[in-house]
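**Q** Sharing a structure with you now.
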Amino acid sequence: MTPVHGQLIYQGKAKRIFQTAKDDHVLVEFKNDATAFNAVKHEEFDGKGRINCEISAYLFEILEAEGVPTHYLFQADDCWMTAQRVDIIPLEVVVRNIAAGSICKQTPIKYGKSLSLPLLDFYFKDDALGDPLLTDARISELGIINTKQRLDIETLALRVNSLLKTFFNKLDLILVDFKLEFGTNKNGQLLVADEISPDTCRIWDQRVADQKDRILDKDRFREDLGGVLNGYVQILKRIQGVSSKPRTCS
């Protein structure tokens, strides 16, 4: 069932955002689309939106219980989430615990190497530019965030990493890396926004030794490994096994 909503505010590769009767709330619809390489590769998987919505709801509630502020309010329906309306900061914040993806293409660091400390990277959120990696000087020149905001973002991102690593480890899952987005609400409060799902995280299965078979995230789609939804469902089932069902009203 589709919740009552207003006009479309924004449509991304994996989500649509709609107005609601409350000016400071939005409805987020999780789509079944899977994209990679800036949407050069695209496919739809029936049920993917529902799975990602539910995983995100669970993880946002876990973070909130530990004092991490997020935009999440409640799960409105299978593929729908009600959230605070935020002004998104045009940065993608990537936290890495194990080397995978672009870092292995851009540096001599070998795939699968555990990093000595979590590595935090900032990327400029702009598909037309290919979401380029930013240096401190570029962030300063662009004026996207000030020094305090940057420190607040780094602190929150590393806090999220610590909490999710511990949580996933209890499920025999390895949090390899993940992407966060941040926004500010009507009061100017910094919030974790967007989603936290297998679309935005690399997650490996500790119970599986094979380097390919252990992958449970969107890399199954990127690398044509097959079983994309099966990997996502594995993550959801393990979370459901230890968590209360996400709230469905404010």
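**Q** Read through the labelled values (1) 17.4, 51; (2) 17.9, 56; (3) 21.9, 80 and report the label of the one computed as Rg and Dmax of the Cα atoms in Å from the structure.
**A** So the structure-derived entry is (1).
**Q** Given the stretch 8-84, what count of lysine pairs have C-alpha atoms under 18 Å apart, with each pair 8 or more places apart or on different chains?
**A** Details: 13/31; 13/41; 13/48; 15/31; 15/41; 15/48; 31/41; 31/48.
Lysine pairs meeting both conditions in the stretch 8-84 amount to 8.
**Q** Helix-only estimate, please: 222 nm mean residue ellipticity of the chain, summing -39500 (n - 2.57) across DSSP H runs of length 4 or more and dividing by its residues, to the nearest 500.
**A** Values: 6 runs with 71 residues, N = 250.
Result for the chain, helices only: -9000 deg cm²/dmol.
**Q** I've got another one for you. Ranked by Cβ crowding within 10 angstrom, fewest neighbours first, how are 244, 197, 162 ordered? It would help to have the intermediate numbers written out before the result.
**A** On the way: 244 8, 197 27, 162 13.
By the 10 Å Cβ count, ascending: 244, 162, 197.
**Q** To continue, here is another question. So what J values fall out for the stretch 44-58 if you push phi through Karplus, 6.51 cos²θ - 1.76 cosθ + 1.60 with θ = phi - 60°, rounded to Hz, Gly and Pro as x?
**A** These are the phi-based 3J(HN,Hα) values: 10, 10, 4, x, 4, x, 4, 5, 5, 4, 5, 4, 4, 4, 4 Hz.
**Q** Let me ask something else. Which cross-chain or sequence-distant (5 or more) residues have an amide H under 5 Å from the amide H of residue 115, H modelled 1.01 Å from N in plane?
**A** Close amide H contacts, sequence-distant or interchain: 98, 99.
**Q** Give me the number: length gained by fully extending residue 158 to residue 24, i.e. 0.36 nm times residue separation minus the C-alpha to C-alpha distance, one decimal in nm.
**A** Numbers: separation 134, 0.36 × 134 = 48.24 nm, distance 2.74 nm.
Length gained, residue 158 through residue 24: 45.5 nm.
**Q** Test of understanding: express the Cα radius of gyration of the stretch 8-84 as a ratio to 2.2 N^0.38 Å, with N the residue count. Working shown, then result.
**A** Numbers: Rg = 13.2 Å, N = 77, 2.2 N^0.38 = 11.5 Å.
Ratio of Rg to 2.2 N^0.38 Å for the stretch 8-84: 1.15.
**Q** Could you please rank 9, 215, 98, placing first whichever residue has the fewest other Cβ atoms within 10 Å of its Cβ? Let's see the in-between values first.
**A** Working: 9 14, 215 24, 98 19.
Sorted ascending by nearby Cβ count, the order is 9, 98, 215.
**Q** Enumerate lysine pairs in the stretch 89-227 that are 8 or more residues apart or on different chains, then count those whose Cα atoms are under 17 Å apart.
**A** Details: 105/113; 110/212; 113/165; 113/212; 125/179; 165/179; 179/218.
Eligible lysine pairs with Cα atoms under 17 Å apart amount to 7.
**Q** Hey, what did the chain get for relative contact order, percent, Cα under 8 Å, at least 6 apart? Present the calculation step by step, with values, prior to reporting the outcome.
**A** Details: 453 pairs, mean separation 48.7, N = 250.
Once divided by the residue count of the chain, the mean separation gives 19 percent.
No lab work stands behind these numbers, since they all come straight from the coordinates. These figures come from a predicted structure and were not determined experimentally. Ideal geometry is used to build each Cβ from the backbone, glycine not excepted, and the neighbour counts take in all protein chains shown.
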